[in-house]
Amino acid sequence: MEKKGYIGILTSGGDASGMNATIRAITRSAICNGYKVKGIYRGYEGLIHDEIRELTSEDVSNIIQRGGTILKTARSKDFETPEGRQKAYEVMQKEEITALFVIGGNGSLTGARVFAQEHDDVVCIGLPGTIDNDLCGTDRTIGYDTALNTIVDCVDKIRDTATSHERIFFVEVMGRDAGFLAQNSAIASGAEAAIIPEDQTDKDQLEEFISRGFRKTKNSSIVIVTESATGKGAAYYADRVKKEYPQYDVRVTILGHLQRGGSPSAGDRILASRLGCASIQALMEGQRNVMIGIRNDKVVYVPIAEAIKQHKPIDNSLIDVLNELSI
Ligand SMILES: Nc1ncnc2c1ncn2[C@@H]1O[C@H](COP(=O)(O)OP(=O)(O)OP(=O)(O)O)[C@@H](O)[C@H]1O
Ligand SMILES: O=P(O)(O)OC[C@H]1O[C@](O)(CO)[C@@H](O)[C@@H]1O
Ligand SMILES: [Mg+2]
């Protein structure tokens, strides 16, 4: 790409720890390589409403360690309409933004793809920024590791009270419709079970957990449950146990938005820095409409269409690991 015009950066969808480290890396790497950078505030909303200003190297000082996003974020209904995207395109022209760097999850990258399909001259580069880890073609997304560590920290604390009171705790974690946070936090915290949307076996996951003999050898249990838009979250399973097994003392903890905040882990800072630098490299190589991902510890360029195409599968061996270790 010619180095006239600006690179535009926005963060979109739910915030994720490491978004700031990503903004820093893209900005610094861009400047290092002779580009000028503009920050777009409030995701696609800010693109439509022209909330944009130039970013210098100093503007991204002292942010690598901060959670959230200095550019703010939003879920933009307007960008889902052709009219909204047309306005966004006009603002890009006015602001002389020739390449759009989108840090966000599957929704944000879907938006980027639709936008690029409508406008041949729009170059979009995606960076996977979401706690849900639900983008294909990348082993990890920026923010996932920090959220996972936060959950594990919380579950360790819940374990103390669960053990003391001999209770069963159903702990609900985020993930939207992806079970990565639940499955891996269950392994890392030594939980007795995880109930995740990807486990599509006919068997009822609660029945399975009970039939495996919970509380036969232990007098407390922790079950991590992925949040559910259809009402099958932690409260649903806790209510069932209360009804079907009234001898057990059951509690529910919904971890909520604390999972999205906090200082990014070293892993997320390094991932953000690597992907941010690679995104400028990709631009210089003439790549367009790709997401920068990581696979087997190597940076990869994934067509955005591939990254958003399907539900990212969970490795079944993770389910076996938890089952074997939670006896
Ligand atoms: N089909 C689409 N067309 C245009 N824009 C879209 C589309 N889907 C999503 N977007 C845009 O992306 C924004 C963010 O999407 P979404 O709320 O799904 O979050 P996300 O990027 O998946 O992040 P997270 O899941 O971590 O919150 C939406 O508010 C919308 O502006
Ligand atoms: O903060 P909001 O808009 O309620 O969104 C919550 C959702 O965002 C995420 O944190 C990230 O996608 C999901 O795990 C969760 O379902
Ligand atoms: Mg998403």
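The values are calculated or read from the model by the stated rules, or taken from the named source; none is laboratory data. Values in this document were obtained by computation on a predicted structure and should not be read as measured data. Backbone-built Cβ (ideal geometry, glycine too); neighbour counts: all protein chains shown. Side chains included, ligands, DNA and RNA excluded: accessible areas come from the protein's heavy atoms. Shrake-Rupley method; radii C 1.70, N 1.55, O 1.52, S 1.80 Å.
Observations
- Label point 7 Å beyond Cα of ASP120 along Cβ direction - residues of the range 294-312 with amide nitrogen under 13 Å: none
- Inter-probe distance in nm under a simple model that places probes 7 Å from Cα toward Cβ, at ILE63 and ARG75: 2.4
- Averaging the Cα positions of each part gives two centres, and for the range 36-54 and the range 145-209 these lie 38 Å apart.
- If the chain linking LYS157 and THR56 were pulled fully straight, counting 0.36 nm for each residue of separation and taking away their Cα-Cα distance, it would gain 32.2 nm.
- Cα-Cα P(r), the range 146-260, percent of pairs per 10 Å interval: 15, 52, 30, 3
- Cα long-axis angle, helix 180-189 against the chain (0 to 90 degrees, to the nearest 10): 50
- Degrees, to the nearest 10: 266-284 long Cα axis against longest axis of the chain: 30
- GLU207 paired with ASN296, simple spin-label distance in nm, labels 7 Å along Cα-to-beta-carbon: 4.1
- Normalised by residue number, the volume inside the convex hull of the Cα atoms of the chain is 123 Å³ per residue.
- A cut-off of 5 Å between modelled amide H atoms, ignoring neighbours fewer than 5 places along the same chain, links GLU198 with GLY179.
- Computed accessible area, ILE125, all protein chains, 1.4 angstrom probe, square angstrom: 0
- Under the combined filter of DSSP loop state and at most 16 neighbouring Cβ atoms within 10 Å, the range 142-206 retains these GluC sites (Glu not before Pro): GLU166.
- Principal-axis analysis of the Cα atoms of the chain puts helix 316-325 at an angle of about 40° to the longest axis.
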